[in-house]
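For reference, the structure discussed in these notes is given below.
The values are calculated or read from the model by the stated rules, or taken from the named source; none is laboratory data. Because the structure is a prediction, the values reported are computed rather than measured. Using ideal geometry, Cβ is built from the backbone for each residue, glycine included, and neighbour counts are taken over all protein chains shown.
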Amino acid sequence: MAHTEISTKPYLLRALYEWCVDNGYTAHLAVKVDLRSQVPADYVRNGEITLNISPSAVHKLQMGNEQIEFSARFAGVARQISVPIAGVYALYARETGHGMTFEVDSANPGIQAATEQEAGKAGPSNEPGPTRPVPVGVPTATATEPPAGGKPKLRRIK
């Protein structure tokens with residue numbers, strides 16, 4: 001019987017999250033959305049979503065080895081969120097941009113296209129939403145601003 005080694009990715013994500021919290025930073029999780037992701041489709045852009053997972057923005061955060069789950073409010077509406085660890089491509093501090101990027105399991109383009117199609121139909125109307133990812137737990141739908149100086153400085157881990 002072969003032993004399957006657990007990826008280091010969930011452990012690194014938990015450590016980065018703890019580092020953000022200990023330093024008073026706002027932890028953001030960037031996810032490639034697929035059919036296994038349970039996120040509000042109207043906040044998905046180009047098959048991706050960025051989620052604010054700081055303690056003040058989420059409730060009952062569970063970062064397991066296969067899934068990240070929590071509840072949060074989007075435009076005042078409580079939602080249950082679940083994303084596969086395999087789809088997470090970054091965790092970083094909003095204030096500094098420090099964090100890490102990760103490899104994402106190559107997604108089936110059909111799955112991503114279906115998710116984007118659903119996102120276009122979601123919500124009360126077909127009006128386009130924000131052009132940048134929206135953080136979880138923000139009372140109104142405001143876009144996440146990049147840290148001062150532009151894009152986050154992230155390091156790819158393989």
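When residue 66 is tested against the conditions (1) at pLDDT 95 or above; (2) acidic (Asp, Glu); (3) out of contact with any helix residue (DSSP H, G or I) (no Cβ under 9 Å at 6 or more places or on another chain), the lone failure is (3). For the stretch 1-33, name all the residues that are among the acidic types (Asp, Glu) and at pLDDT below 95. Selection gives 5 alone. Any chance the stretch 26-46 includes a residue that's surrounded by fewer than 17 Cβ atoms within 10 Å (Cβ to Cβ), among the acidic types (Asp, Glu) and not in a helix (DSSP H, G or I)? No - not one qualifying residue is present in the stretch 26-46.
Residues that are surrounded by fewer than 18 Cβ atoms within 10 Å (Cβ to Cβ), over 23 Å from residue 6 (Cβ atoms) and in contact with a helix residue (DSSP H, G or I) (Cβ under 9 Å, 6 or more places away or on another chain) within the stretch 49-63 comprise just one, 55.
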